[in-house]
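A short reminder: the numbers here are calculations on the coordinates, not readings from a lab. All values reported here derive from a predicted model rather than from experimental measurement. With ideal geometry, Cβ positions are generated from the backbone for all residues, glycine too; neighbour counts draw on all protein chains shown.
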Amino acid sequence: MFIQKNTSSDPVKKVFEVQTLRKDFLSVLCAQKVSVTIFLMSGIKLQGCIEQFSDDCLILRKDGIVQILYQHAISSIMPVTPFTAPSFSSSAFLDSPEAHD
């Protein structure tokens, strides 16, 4: 669970930090063509590589099959294999000791 280090009362800043963290995470997965497992809110499990993404959807490809997923339907994204990632821009989330629990 990500816990914000700075307890800013500005809700717009909090939303921006979460969106930036998501964008940075998806950018690394997409650029490195990391295989991922995606769990949907309905419990369905999908696997593949993220080809592209936008603010509201992403494209998942596996064995030549392409699927478009709406981000509001995604519960979690889990890389199948370890990958190297540069520091994410929302370091306030990642530097918190509670974020590593």
Which value in nm describes the separation of the simple spin-label points at residue 78 and residue 39, placed 7 Å from the Cα toward the beta carbon?
0.6
Between residue 23 and residue 51, 0.36 nm times their residue separation minus their Cα-Cα distance comes to what?
8.7 nm
I need the phi-derived Karplus couplings for segment 51-67: 6.51 cos²θ - 1.76 cosθ + 1.60, θ = phi - 60°, integer Hz, Gly and Pro marked x.
8, 8, 8, 9, 5, 10, 8, 9, 10, 10, 10, 8, 6, x, 8, 10, 10
Using the per-residue mean of other Cβ atoms lying within 10 Å as a proxy for protection, in what order, highest first, do the peptides 58-65, 29-36 fall?
29-36, 58-65
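Find the relative contact order for segment 34-81 and round it to a whole percent, using C-alpha pairs within less than 8 Å whose residues are 6+ positions apart. Intermediate results must be reported in sequence, preceding the final value.
Numbers: 93 pairs, mean separation 20.5, N = 48.
Here the relative contact order equals 43 percent.
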